[in-house]
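The values are calculated or read from the model by the stated rules, or taken from the named source; none is laboratory data. Being a predicted model, the structure only gives us computed values, none of them experimental. Positions of Cβ are backbone-derived with ideal geometry, glycine not excepted, and every protein chain shown enters the neighbour counts. Accessible surface is based on the protein model in full, side chains and every heavy atom, while ligands, DNA and RNA are left aside. Shrake-Rupley method; radii C 1.70, N 1.55, O 1.52, S 1.80 Å.
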Amino acid sequence: MLNRNPRQRVFLCDIWYSKIAMEEELINIKNTALSFILEAQDRKSLEETKLQFLGRSGKLTLALKQLPKLPIEKRAAVGELANEIKRTIEEALAEKLSQVTSDSTTKRKESIDRTVPTVEPRIGHIHPISQVLSQTIEIFKSLGFQVADGPEIESDHYNFEVLNIPKYHPSRDTQQTLFLDSTGTSYSPGEMLLRTQTSNMQGRIMEKTKPPFRVLVPGKVFRYEQVDASHGFEFWQVEGFMVDKNVSMSHLFGTLDYFFKQFFGQSTKVKFVCHNFPFVEPGVEAYISCVVCRGKGCSFCKRTGWVEILGAGMIHPNVLKAVGINPNEWSGFAFGTGLSRMATLKFEMDDLRLLTTPDLRILEQF
Ligand SMILES: [Zn+2]
């Protein structure tokens, strides 16, 4: 029956309103708590959220304290709703906590786990030939030599003729030459070749340069050779020559002795033995004390204690004349050595072919 008493009506409405207001407030609390939990990124913010809603002074706790103010028949329904919301918040908190814990563990593992296999970056090495080449250049630069470069495809003229090696000269047999096919070119057969020695640059430089000069020419040369442990069909040479007034064999000996001691070490001994090369007069072969046994004798030096290292001599007057330099006014010395051979000696390699292998297991050792 409808209560007509205004005070009583107000009272009833007040109670009715309170119940609705409380349910709304509880749902608001739930939604706010769940959105906080959703946004939480770590354990700390989850703990703060828990305290804010479920703590002793938390919003849900305070709301529940209002329960006794509701009419007794309404308490059960609101209480049940409140408990359900509490469970929902607790479950959401627990689920999110396990998620952020697992995330942070994964992140920590990613940042500090040093047992995870990684791909090591490859570090480049300077090739043994390049090392030997740059050291040789440095030493001769300190003696006032300039470095020059030249063509690998060369004419018979610069490779042989200028160097006092005319056609049919027997010394051509010692340089097995790779000639280029002249078919379809303006060159005659046998005119063009792959240079067999860096000496080809003597003629090219001397005919264009007024003495005095000191020149070093490193480069690759080619020969028709059977490849074995001590021979290759392409290898590196370095040519050096100097022309000035009153240059003598003493300058040659002193220069080479200084170079070998700088290159192989101060204890290196050098000896010169007479030898015939058509482009020098007199000519010598230089030997150094064996780098393996230090002169005592081993299989590397065939028990002699010495290793042949280069050919040299005073530039032949015919060579000077061929390039327009007066041999009565100027004199000079020249030498040529195999950079590949020097590399094998320096690094004590027993096979020349190792220098041209693409095998990184070998190259990475230098
Ligand atoms: Zn030896």
Residue check, Glu285 under 19 Å from Thr344 (Cβ atoms), more than 8 Å from the ligand (Cβ to nearest atom) and open to solvent by 40 Å² or more (accessible area, probe 1.4 Å): no
When residues of the stretch 317-361 are limited to those that are buried (at least 16 other Cβ atoms within 10 Å of the Cβ) and among the small types (Gly, Ala, Ser), the one modelled with the lowest pLDDT: Ser340
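Which ones in the stretch 178-200 are touching a residue at least 40 places away in the same chain (Cβ under 8 Å) and touching a helix residue (DSSP H, G or I) at 6+ places or on another chain (Cβ under 8 Å)? Steps first, please.
Quick first cut of the stretch 178-200, residues touching a residue at least 40 places away in the same chain (Cβ under 8 Å) only: 178, 193-195, 197-200.
Listed by number, the residues that qualify are Leu193, Arg195, Gln197, Ser199, Asn200.
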Scope the stretch 22-47; condition part of a helix (DSSP H, G or I) and open to solvent by 100 Å² or more (accessible area, probe 1.4 Å); matching residues: Glu24, Leu38, Glu39, Arg43, Lys44, Glu47
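Given the criterion in the same structural domain as Gln175 (by TED's automatic domain parsing), open to solvent by less than 40 Å² (accessible area, probe 1.4 Å) and away from the ligand (no atom under 16 Å from the Cβ), identify the matching residue among Gly219, Gly297, Gly265.
Details: Gly297 fails: away from the ligand (no atom under 16 Å from the Cβ); Gly265 fails: away from the ligand (no atom under 16 Å from the Cβ).
Only one candidate qualifies: Gly219.
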Test for Phe235: is it part of a strand (DSSP E or B) and modelled with pLDDT under 90: yes
Among (1) touching a strand residue (DSSP E or B) at 6+ places or on another chain (Cβ under 7 Å); (2) modelled with pLDDT of 90 or more - the single one Gly265 does not satisfy: (1)
Counted residues, the stretch 48-101 - those being touching a Ser or Thr at 6+ places or on another chain (Cβ under 8 Å), at pLDDT below 85 and crowded, with 18+ Cβ neighbours inside 10 Å: 0
